[in-house]
Amino acid sequence: MVEAVQRKIRRINQSVRESERVREPSQATIYRWLDMLYYQVVANARQGRAATSRELRRAIGRVKVSQILERIELDHTPLDIVVICMVTRLILGRPWLTLAIDRYSRMITGFYISFHAPSSTSVLYCLRMMIMPKEHILARFPDVQGPWPARGLPDTIVTDNGMELHSHAVEAVSLEMGINLHYCGVAHPEMKGAIERMIGTVNRGLIHTLPGTTFSNIEQRGDYDSEGHAAIDIEVLTHLLVKWIADQYHKTPHRGLGGRTPLSVWQNGEKTATIELPAFPRQLETIIGLEATRTLFHYGLEFGNLRYNSPTLQALREPGGGTRELQLRAFEHDVGYIAVFHPTLEEFIDVPAVNQEYSAGVNRYVHQLVCAEVRLRFGDSWTNDQLLNVKGEIQAIVDEAVRGKKAGNRKKGASMALSDSEQIIDGTDTSALKRACQQSDPTPKPRTPIAPGMDDELPEFHQSKRINEGHAA
């Protein structure tokens, strides 16, 4: 700065008479002038207008909410802890947390932990937990003594502008359930301050007390060996988070609530608020699915290079063998079935895949890898045995990735196997690694009989079309 001012004065002095020349200021003079200059001008020049605007923002008001479920704030964050694999006990890395909080009561209404980057799936799983009662979660962990009464359809969900939140799947579910989506401005986290502070509370109140924590920054971590002390897997982490939420956080006096606890504020709010749940319980199970529309033929519906059929589905065909369009929901965790909306019953029904030998228990990510590899090797000329062989090879790759020496590959393998908090809460684990570690029964098992006319072979693979957020059509 000093040299710039001096150079400018020299250039000015060269163009004027000697009697009009300006004396070059000293370094101390320039520093005194800068100290007296308006701070915002200096900060804009040094760190940019956006950073200065955030630093000098004024909190002259607050978000006004009058009851529970009026405003839910949702956000994602990588947790400050290194997690290990449930089976191999090797390092997987830092998982992602999707968290939702009720602004009025500060009650945590839902969460989702996974190893894949935030996506519409993360949002939908968190949304489902937010809406549904939590009794089955508390029953999964008997040592949790506190209640968790948060449930119901919110009026508004406030999020940032991430691509996963602008997805067709999230917007379709919100429209179906009458939920307003409010997107905050880019680079303005203060517009959803409750969830931003809540994420910090989770890390400070729980995560930083666990072995393997990375803390919030290098200075706090010091010489602590996070990976060397890592001992928490995703099952234990989910358990600890549920217990911390129900037994500690919800029962702790909150400064923003005037010293009341989130639990007491929620319980008082239930007396005046109307808590609504989806009209059909099946909606809670299907909101996590990928929405699509397909044409019903005599061989059923095609989705993701698989055919789905059942007698109930065929009863929906138009008289005379005509076709009709049907809405469906396909799921990330299992391509063995889809949910199809029955226009007469006005609810979703499950329709199994025709080829259950291949599809049962396979998640969509692995299925897409299998389809791509089959097309690469065999083109359109392939057999069911070749399909099953490629499936086994892909699952072995996933297993090897989880067992591998590189933490990045292990984390990617856990993401491909869909290792997440939903598996823990539901009490199931369908990952490829778990299945590979189990001893298989070599005795051939009888195949489930399929109704006549519904046992067509799989369709020929074709170039998949990208829908929604990049999932195969």
R0 of 25 Å, Cβ-Cβ distance residue 65-residue 183: FRET efficiency to nearest 0.05: 0.90
Using the eigenvalues of the Cα gyration tensor, what equivalent ellipsoid semi-axes result for the stretch 273-374 when each is taken as the square root of five times the eigenvalue, whole Å, largest first? 24, 21, 10
Can you spot the aspartates and glutamates whose alpha carbon is less than 20 Å from residue 192's alpha carbon? Ignore those fewer than 8 places along the same chain. 55, 70, 73, 75, 102, 155, 160, 164, 171
Calculate the spin-label point distance for residue 385 paired with residue 227, positioning each point 7 Å from the Cα along the beta-carbon direction, and give it in nanometres. 4.4 nm
With labels modelled as points extended 7 Å from the Cα through the Cβ direction, what inter-label distance (nm, one decimal) is found for residue 38 paired with residue 208? 3.8 nm
Provide the gained length on full extension for the span residue 277 to residue 145, in nm with one decimal, where the gain is 0.36 nm per separating residue minus the Cα-Cα distance. 45.1 nm
Rounded to the nearest 0.05, what FRET efficiency do residue 161 and residue 13 have when you use their Cβ-Cβ distance and R0 = 45 Å? 0.30
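Leaving ligands, DNA and RNA out of it, report the carbon-plus-sulfur percent of the accessible area of the stretch 127-276 at a 1.4 Å probe. Display every interim value, and only then the final one.
Details: 3830 of 7230 Å².
For the stretch 127-276, the apolar C and S fraction of the accessible surface comes to 53 percent.
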Show me the trypsin sites (Lys or Arg not before Pro) within the stretch 88-173 that DSSP assigns to loop and that have at most 13 other Cβ atoms within 10 Å of their Cβ. 89
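Give the residue list of trypsin sites (Lys or Arg not before Pro) in the stretch 314-353 that are DSSP loop and have at most 16 other beta-carbon atoms within 10 angstrom.
Numbers: sites: 317, 324, 329; in loops: 317.
Here the trypsin sites (Lys or Arg not before Pro) that fit, given the DSSP loop and packing criteria, are 317.
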Quick check: residue separation of residue 5 and residue 372 times 0.36 nm, minus the Cα distance between them. What number comes out in nm? 125.8 nm
Cα centroid of the stretch 302-375 to Cα centroid of the stretch 2-75, whole Å: 60 Å
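The values are calculated or read from the model by the stated rules, or taken from the named source; none is laboratory data. Keep in mind that this is a model prediction, so the values were computed, not measured. Please note: Cβ atoms are built from the backbone with ideal geometry, for glycine as well, and neighbour counts cover all protein chains shown. The accessibility values were calculated without ligands, DNA or RNA, using every heavy atom of the protein model including side chains. Shrake-Rupley method; radii C 1.70, N 1.55, O 1.52, S 1.80 Å.
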